[in-house]
Amino acid sequence: MSAPAQTRLKLPASRDDLARLRLGDAVYIDGVVYTGREGVYRRVLEEGAKLPLPPEQTGRANFHCSPAASAGDGGAYKVGGVTATASFRFAKWMKEWFEISGANLIIGKGGMRARDYRELFVPAGAIYLTTVGYGTGALLGRGIRRVRDVFWLEELGNAQAMWVFEVENFGPFLVESDLSGNSLFEREGARINANIESLYRGLKSPALGRFGETGDRTDEVI
Amino acid sequence: MIAYRTIEQAAFQLMEKAAIDIPEDYRRAVAAMSEREQGLSCFVLKTMLDNYAAASADRRPMCADTGLPRYYVKAGNDARIEGGFVALEKALRTATARATKSIPLRPNRVHPLWRTDPNNNVGINAPEIDWSFEPNADWLDLTTVHKGGLFGSDYRMLFPGDGIDGIKRFLLDTLVAFGKRGLACQPAIVGVGIGGSKDACMMLGKQAACLRLVGDRHPDPKIAELEGELMELGNRIGMGAMGFAGRSMVADLHIEVGHTHTGGMPVSVHTFCLSSRRATVRIDAGGARHFRDDPKWFSDYSRRETVE
């Protein structure tokens, strides 16, 4: 397999822009993105707080991320590294979040279940981009031109606050899901699963078993 | 007498070095794997190499997830510390808070129940400080490790009859479960703790992952051989970085053992990630600081079997 195709994506992205992306493409972003994870979801979706920005000012791009940032002299923010956090934990908020935020791009770590793409992302016309590595904190930090705003810093703390970043050549990210709900991780997982049974062949089971949700090693635990 | 100020400054420098500069032994391992991999898995490893270079050039953290920054302290039996061990702990806590603001590091440490964030990576039992001692020495070795911790570690009580098969199955279970989608942020330096009490088993495996260089082998030749065998098994899963098809799951695998209950064989597995952050300094009796890559945490003395 060859190296991924590389592409620049201007935000907010149109449906046509997203339709052009293929699973496994490497994407670099220009425009605005914002961070939002469980703290922001709870505040908006469970406590009813109003989103501080209209959708058109958010780049329609929700980054599952907590930056390493601190307030410098004169109130400007210094952003060091930027790394995503695992997204599967946030699936339960996504349906409502798409409706309220107008997001069509979710950026994070590790993607969500293929079923979530089909049931939540496809109806919203949204796709998922995964960070690379994980932990390209320095490369992504370089792509942040400016902290445009930060909301709920006092209430939610640095890690959970809603940070709005102006970004340029921000990446790389890999296209994990497309507009039809296909998943790169699911495709790769299927290749690996083909080999798993042979790894365990000949290894006897332990004397004491364990309760658990799955004993099938081709399952995912997310 | 080693001055308080010297210790605080050294600990601060360690925080910065660990957060920004990838250890050379691990970087070389990733570079070598990137030559063997293809496609997506290769792209991920090459991007990580770019990231290490960007972090060092810009003096910014390689990964925004600071993990749980913590310390390992090895004190020579004859080391003298201004203010004693309480002052040493204060120096490490002070340096952690100072580094969090000035590097900056992400303030990751929150109260486990109330989720309140003091914004300085310091709190109840945080940062953790592990202690060990060395005879016939008057220096102080400080190591910091910044390791994430949501995915990739597990513990299981096995029994003597389960044998090496049991260890292999448990290792495979852990690597397969957390390797999918790259939740473990592999390729990892895998640490396997075998024996001890439950807590010692976890501690030994964690230290095996975080405090030995890639390429290091256990001094017991039979354990060294098992390290190689388990590493090969991990890379036979067919999984690479981010859970893409490939052969770069395990950068190296280290085993540490402790004498254990006659009826049991507890095992723990830990994965030190693509941002394997560690840094070590020796402060000699005169207060001079000598930075190095190798924590040298395990010694003949620390692994001794005899009464003395």
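Below are the figures for this structure:
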read-out	value
Cα-centre dipole for the range A:30-89 with unit charges at Cβ (Lys and Arg positive, Asp and Glu negative), debye to 20	140
Chain A - percent relative contact order, Cα under 8 Å, separation 6 or more	24
Modelled label reach - residue A:19, point 7 Å along Cα→Cβ, the range A:177-217 residues with backbone N closer than 13 Å	A:179-180
0 to 90° range, to nearest 10: angle between helix A:184-200 axis and chain A longest Cα axis	30
Three-way shape label, the protein assembly as shown, alpha-carbon gyration tensor, a/c 1.5	oblate
Table column - 3J(HN,Hα) (Hz), the range A:95-108, Karplus curve with 6.51, -1.76, 1.60, x for Gly and Pro	4, 5, 5, 4, 5, 7, 8, x, 5, 10, 9, 10, 10, x
Charge-dipole axis of the protein assembly as shown as Lys and Arg at +1 and Asp and Glu at -1 on Cβ define it, positive-most pick from B:172, B:32, A:143	A:143
Positive-end residue of B:155, B:182, B:201, charge dipole of the range B:147-203 with Cβ unit charges	B:182
Nonlocal amide H pairs with residue B:260, under 5 Å, H built at 1.01 Å	B:196
Sequence-distant residues sharing a close amide H with residue A:167 (under 5 Å, placed H)	A:31, A:32, A:33, A:145
Point-charge dipole on Cβ atoms (K/R +1, D/E -1) for chain B, about Cα centre, debye to 20	1020
Sites residue A:198 and residue A:115, calculated FRET efficiency, Cβ-Cβ separation with R0 25 Å, nearest 0.05	0.35
Inter-label distance, nm, simple model (7 Å from Cα along the C-beta direction), residue A:5/residue B:24	4.2
Burial of 30 Å² or greater, the range B:92-121 residues [accessible area, probe 1.4 Å, versus chain by itself]	B:101, B:104, B:106, B:107
Net charge of neighbours whose Cβ lies under 12 Å from the Cβ of residue A:198, counting Lys and Arg as +1 and Asp and Glu as -1	+2
Proximal charge balance of residue B:142 [Cβ under 10 Å; K/R count +1, D/E count -1]	+2
Most to least accessible of A:213, A:188 (protein chains only, probe 1.4 Å)	A:213, A:188
Length added when fully stretched, residue B:133-residue B:87, from 0.36 nm per residue minus Cα-Cα	14.8 nm
Where labels lie 7 Å past Cα in the beta-carbon direction, separation of residue A:214 and residue A:187 in nm	2.1
Solvent-accessible ranking of B:106, A:148, B:282, A:22, largest area first, probe 1.4 Å	A:22, A:148, B:282, B:106
Karplus 3J(HN,Hα) series, Hz, for the range B:264-276 with 6.51 cos²θ - 1.76 cosθ + 1.60 (x for Gly, Pro)	x, 9, x, 9, 10, 10, 9, 10, 8, 8, 4, 10, 6
Cα gyration tensor category, rounded, prolate or oblate, for chain B with a/c compared to 1.5	oblate
Selected from A:209, A:6, B:270, residue furthest toward positive end of dipole (the protein assembly as shown; charges at beta carbon)	A:6
Inter-site label distance for residue B:300 and residue B:57 at 7 Å from Cα along Cβ, in nm	4.6
Whole-Hz ³J(HN,Hα) from phi, Karplus 6.51 cos²θ - 1.76 cosθ + 1.60, for the range B:87-93, glycine and proline x	5, 4, 4, 4, 4, 5, 5
Other-chain or far-sequence residues with amide H under 5 Å of residue B:134's (modelled H)	B:75, B:76, B:77
Computed FRET value (nearest 0.05) for residue B:236 with residue B:35, which takes r as the C-beta separation and R₀ as 25 Å	0.85
Protein accessible surface hidden between A and B, which excludes ligands and nucleic acids, total in Å², probe 1.4 Å	5300
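The values are calculated or read from the model by the stated rules, or taken from the named source; none is laboratory data. All of these numbers come straight from a predicted model, not from anything done at the bench. Cβ atoms come from the backbone with ideal geometry, glycine included; neighbour counts cover every protein chain shown. When the accessible area is computed, the model is the full protein with side chains, heavy atoms only, and any ligands, DNA or RNA have been set aside. Shrake-Rupley method; radii C 1.70, N 1.55, O 1.52, S 1.80 Å.
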